[in-house]
Structure formats: structure tokens, C-alpha cells
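The values are calculated or read from the model by the stated rules, or taken from the named source; none is laboratory data. Quick caveat: nothing in here was measured; it's all calculated off a predicted structure. Note: ideal-geometry Cβ built from the backbone for every residue, glycine included; neighbour counts use all protein chains shown. Heavy atoms of the whole protein, side chains included, go into the accessibility calculation; ligands, DNA and RNA do not. Shrake-Rupley method; radii C 1.70, N 1.55, O 1.52, S 1.80 Å.
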Amino acid sequence: RRPRGSTPFPSTPLFRSPARSGVITALRAGVADVVPVYTLETAQELLRHGTFDLAIIDIVLPDGSGLDLLPLLKNHGKPSTPVILFSGEEVGRDTALKVEAALVKSRTTDGELLATIKSLIDAKSGP
């Protein structure tokens, strides 16, 4: 079981992009414990055996669609995990309604991403 504040990131581009390194640094500096995940298979395995306070998902993963993780994050009978869909393209309305935030990488600043992350972690933690 992951400690409160742990966040799986099944999003390869988030970690390969130097523009996002400031977000990762800020998260590791006290906002959250970051668990980088680069494949759908690894993310599925972690989600089957652990709980997380937040997930940031890219739709395009090397071995499948990040959308396939949504059923594991929206567990029936357990509290669901808030999800930020952080993708290269805009998603449809039906998909956006399944997550707490849907952000397009090219239109989202590091500050906006970090503020969204903090807001969702704070909301889940409660007052």
C-alpha cells in the first residue's frame, strides 16, 4: 500500500519532457510521493495491489491506452482515485466526464498542472 500522497504517473512524455521537470521536482519536494510509470502493464499491476491519492494519465502509452486504467481507478466499493487526463490532444466530452480534469499538454503550463495536482490532492485529503 502506498502512503497518502503517492501519485502514479503512467505518462512517458511527462518524464521525458524537460519542460515538465519543474513539476516533478515540485511534487517530489513535498506535495506528493511520485511513482513514475511508463507502461500500461506496469500501471495496471501497481493499481491492482496499491492505492493512490491521484493519477495522471496520458492516453497514449507504449503498450496501450491509458484510458484502460480508468476502471481500476474508479473502483466500485472503494474510494475512487481522482484522475487528471494529461494528453497531447483534446478528449471528447464523454471521456472528460469520467475524470476530474482533462488537460492538453500544449495548452497547460507547469503552474496550471501543479495547481490542478495540488487542488485534487487537497480535496481528497479533506480539511
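Scanning region 94-105 for residues that are open to solvent by 70 Å² or more (accessible area, probe 1.4 Å) and not hydrophobic (A, V, I, L, M, F, W, C) yields Asp94, Lys98, Glu100. Selection of first residues in region 94-109 that are more than 19 Å from Lys124 (Cβ to Cβ) and of second residues that are among the basic types (Lys, Arg) and not in a loop (DSSP other than H, G, I, E, B), restricted to Cβ pairs under 9 Å at least 6 apart or on distinct chains, gives the following pairs, ordered by first then second residue: Lys105/Arg20.
Let me confirm something: among Pro62, Pro82, Pro36, which residue is crowded, with 20+ Cβ neighbours inside 10 Å and either in contact (Cβ under 8 Å) with a residue 12 or more places away in the chain or of a type in the set (A, V, I, L, M, F, W, C) (or both)? Among Pro62, Pro82, Pro36, only Pro82 is crowded, with 20+ Cβ neighbours inside 10 Å and either in contact (Cβ under 8 Å) with a residue 12 or more places away in the chain or of a type in the set (A, V, I, L, M, F, W, C) (or both).
Would it be correct to say that Val91 is without any contact (Cβ under 8 Å) to a residue 40 or more places away in the chain, closer than 24 Å to Arg107 by Cα and open to solvent by less than 20 Å² (accessible area, probe 1.4 Å)? So Val91 fails the test.
With respect to the conditions (1) open to solvent by less than 40 Å² (accessible area, probe 1.4 Å); (2) under 14 Å from the mean Cα position of the chain (by Cα); (3) of a type in the set (Ser, Thr, Tyr), Thr108 falls short on a single one, namely (2).
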